[in-house]
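Trainee: Got a structure for you, questions after.
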Amino acid sequence: PLVRCSLCGSLGKLCRSGTAAVTTTTTTAPTPLSDARCYHEVVGDIICPSQVRGIDHIRDPRLNKGLAFTLEERQVLGIHGLQPARFKTQEEQLQLCKIAVNRYTEPLNKYLYLSDLHDRNERLFFRFLSENIEDLMPIVYTPTVGLACQRFGLIYRRPHGLFVTFNDRGHIFDVMKNWPEPNVRAICVTDGERILGLGDLGACGMGIPVGKLALYTALAGIKPHQCLPIVVDVGTNNIDLLEDPLYVGLRQKRVVGREYDDFIDEFMEAVVKRYGQNTLIQFEDFGNHNAFRFLDKYRNTYCTFNDDIQGTASVAVAGLYASKRITGKSFKDYTFLFAGAGEAAIGIADLVVKGMVAEGVPIEEAYSRIFMVDIDGLLTKSRKVGNLEGHKVNYAKDIEPMQDLEQIVSTIKPSVLIGASACAGLFTPKILRTMADNNERPIIFALSNPTSKAECTAEEAYTNTDARVIFSSGSPFPPVTVGDKTYYPGQGNNAYIFPGVGLGVICTGTHHIPDDMFLIAAQELANFVEPADIERGSLYPPLSSIRDVSMNIAIGVTKCAYDKGLASTYPEPQDKRKWLEDQLYNFNYETSMPVTWAWPRMPYIKTRDLVPTKLYGKK
């Protein structure tokens, strides 16, 4: 007999996805149609009324409105009596959500509440997140998401993305077909090797792409069904996880070398085969040794970027652009010292070089203004320890090697000190005081995540520089009071950048993403900083304005895509803002009633008499 697949929802969905009907000779009775319902009953933008039952409006988070269903909707959909008699507005539900989440004192419990809300009422979740981003950003993303990844085996409930394992090689496309959405436009993928500053978390790193793509929707209005979080699980070298009975990933050491590269190649090809060449693929939290390789390898053949390299660079450079209003100097007047030489540091340095070149500085001079320190000390051409592989070579100087950071700061006398080392407390009070002695307004960015990995706290930066520091951090810090003034340090969060870039890229169908787009994003973000923001100690606008920032960035990216011939959506829109706004996700409830319309009365036409038809062969 023909059996309906309980994972696919309906035979109609099987037909639409091109999946063949399956026959079976098993003696087991087929699953009754009334029981064979899946978690998501609808896909894409358009709901087919004949495929959705009334009860699905309660079961499916994309359709569910809770007590906001009207009396007419409840009666017509056949769900009257399945809910209490109370009718609520979405605004009343939002108030209840705020009360509920504030009942919890532990950030992880707040994270779990929001995850549960996402699982039962999608529109309410995204509206709640978008309208309370200052309070909820630290919950759905750094720093709480780091703890969620560490506890992932304990808190895992429902699939919010795909797990593609190394055991699936040769069949990655088959795994991709299992995701029910046919119109994915943005993928965030990680292999879990370097989750924030926490190291190798393997498959538990799924929290990162889930959190990133939630921000795509909440901050830029990208439709949630167009987003797909993915973990490529090739194992983990974290012994604690391998021995943890709650670990949910492949229990094996990481695959490396040619096998690993071939696996990632197959994954990229499967994405394009399933969703098209212009599908945005955001690489997230790959190990340093792989991140740059993959960016260089794929950037001109796929629509891809690495947020740890390019997104971090863009938000940091935006802070540097804003700092010029305080110091009155340009990039060519700065001397930069990076503590750390990984993805973030190299990415920021490369974009700073691009920014200096845009200001007319020769590229050789631009490189000469930037110094970099890794675990083996200052990058120099003559040092005997450590490697100078890849992009590090561009920043190696022809000077005597030094290993002590305090000595390096005293010798080089940088005007800008940027930490991307994941080494807590690296910026000692002595280093901070030296920066203050050498600069009227020292610029110090402690960008490592999460908060526990920051090179210094905001309080340490302000108190050791007589509050003359221009400070930014990668994770949020509380306000700092020095004397009679309170400072509110800004957080250089990548969320200022990647949602807007993603929106512009998706809407234009951009083929490839050049670094120019991230420089444009940095400039747009810096332009959004008001004098009042700088006065209170922040180089960034309030998080509450981040949706407006994302729209401005998306407009800039859209212009760049058409100017450089990278867009594939034509004709080019004249009013780009309105064009982008027309494609945004609607956070508000829509009617659940089927659309009906009247027909005009048919005109009277006299018909012929009905005469029985004479059949052939009859006399």
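The values are calculated or read from the model by the stated rules, or taken from the named source; none is laboratory data. All values reported here derive from a predicted model rather than from experimental measurement. Please note: Cβ atoms are built from the backbone with ideal geometry, for glycine as well, and neighbour counts cover all protein chains shown. Just the protein is used for accessible areas: all its heavy atoms, side chains included, with ligands, DNA and RNA removed. Shrake-Rupley method; radii C 1.70, N 1.55, O 1.52, S 1.80 Å.
Trainee: With viscosity set to 0.692 mPa s and temperature to 37 °C, compute the Stokes-Einstein D of the stretch 373-525, Rh being the Kirkwood radius across alpha carbon pairs; µm²/s, no decimals.
Mentor: The calculation lands on 188 µm²/s.
Trainee: With every protein chain present, what is the per residue accessible area of the stretch 104-240 (1.4 Å probe, Å²)?
Mentor: For the stretch 104-240, the per-residue accessible area is 33 Å².
Trainee: Which residues make up the longest stretch of the chain that has no chymotrypsin sites (Phe, Trp or Tyr not before Pro) in a DSSP loop with at most 12 other Cβ atoms within 10 Å?
Mentor: That gives 1-596 as the longest site-free run.
Trainee: With a sphere of radius 14 Å drawn around the Cβ of GLU91, what net charge do the other residues whose Cβ falls strictly inside it have (Lys, Arg +1; Asp, Glu -1)?
Mentor: +3
Trainee: Carbon and sulfur atoms: what percent of the 1.4 Å accessible area of the stretch 464-602 do they account for?
Mentor: 52 percent
Trainee: When Lys and Arg each count +1 and Asp and Glu each count -1, what net charge do the other residues less than 11 Å away from GLY311, Cβ to Cβ, add up to?
Mentor: -3
Trainee: Excluding ligands, DNA and RNA, what is the solvent-accessible area per residue of the stretch 478-619 at a probe of 1.4 Å, expressed in Å²?
Mentor: Value returned for the stretch 478-619: 60 Å² of accessible area per residue.
Trainee: Return the Rg/Rh value of the stretch 66-160, two decimal places, where both radii are evaluated on C-alpha atoms and Rh is the Kirkwood radius.
Mentor: In the stretch 66-160, Rg relative to Rh is 1.04.
Trainee: Quick one: net charge of GLY221's neighbours, Cβ under 10 Å, K/R +1, D/E -1?
Mentor: With Lys, Arg at +1 and Asp, Glu at -1, the net is +1.
Trainee: Just tell me the longest site-free run in the chain, where the sites are GluC sites (Glu not before Pro) in a DSSP loop having at most 11 other beta-carbon atoms within 10 Å.
Mentor: 1-242
Trainee: Can you give the Rg and Dmax of the stretch 527-575 based on its C-alpha atoms, in angstrom?
Mentor: Rg and Dmax of the stretch 527-575, Cα atoms, are 14.8, 44 Å.
Trainee: In straight Cα distance, which lysines are under 24 Å from LYS453, not counting same-chain residues fewer than 8 positions off?
Mentor: LYS110, LYS212, LYS392, LYS430
Trainee: In Å and whole numbers, how far do the C-alpha atoms of the stretch 407-449 stretch along each principal axis, longest first?
Mentor: Between the extreme Cα coordinates on each principal axis of the stretch 407-449 lie 28, 19, 16 Å.
Trainee: Another one. At a 1.4 Å probe radius, carbon and sulfur cover how many percent of the accessible area of the stretch 168-310?
Mentor: Exposed carbon and sulfur together represent 49 percent of the surface.
Trainee: If you project the alpha carbons of the stretch 260-417 onto their three principal axes, what span does each projection cover, largest first, in Å?
Mentor: Computed over the Cα atoms, the extents are 54, 40, 24 Å.
Trainee: What number do you get for the stretch 206-274 when its Cα radius of gyration is normalised by 2.2 N^0.38 Å, N = residues?
Mentor: Relative to the 2.2 N^0.38 Å estimate, the stretch 206-274 comes out at 1.39.
Trainee: Kindly work out what percent of the DSSP beta bridges joining two residues of the chain are antiparallel, to the nearest 5.
Mentor: 15 percent
Trainee: Also: Any chance you could get the radius of gyration and Dmax over the Cα atoms of the stretch 245-294, in Å?
Mentor: Computed over the Cα atoms of the stretch 245-294, radius of gyration and Dmax are 13.3, 40 Å.
Trainee: Please sort by residue number the trypsin sites (Lys or Arg not before Pro) in the stretch 58-164 whose DSSP state is loop and whose Cβ has at most 12 other Cβ atoms within 10 Å.
Mentor: ARG86, ARG103, ARG157
Trainee: Now for a different question. Give me the Debye-computed log₁₀ of I(q)/I(0) at q = 0.14 Å⁻¹ for the stretch 164-260, equal point scatterers on Cα only, no solvent, two decimals.
Mentor: Listed by q, the Debye log ratios stand at -0.58.
Trainee: Okay, moving on. Give me log10 I(q)/I(0) at q = 0.28 Å⁻¹ for the stretch 436-479, Debye formula, one equal scatterer per alpha-carbon, no solvent.
Mentor: -0.97
Trainee: A follow-up question, please. Report Rg (one decimal) and Dmax (nearest whole number) for the chain, counting Cα atoms only, units Å.
Mentor: 27.7, 117
Trainee: What per residue convex hull volume, in Å³, comes out for the stretch 97-254 when only alpha-carbon positions are used?
Mentor: 111 Å³
Trainee: If you don't mind, another one. Any chance you could list P(r) for the stretch 561-619, counting all Cα-Cα pairs in 10 angstrom bins from zero, rounded to whole %?
Mentor: Histogramming the stretch 561-619 at 10 Å steps yields 12, 18, 13, 16, 12, 13, 12, 3 percent.
Trainee: Over the stretch 67-218, what is the mean sequence separation of C-alpha contacts under 8 Å (at least six apart), divided by residue count, expressed as relative contact order in percent?
Mentor: 20 percent
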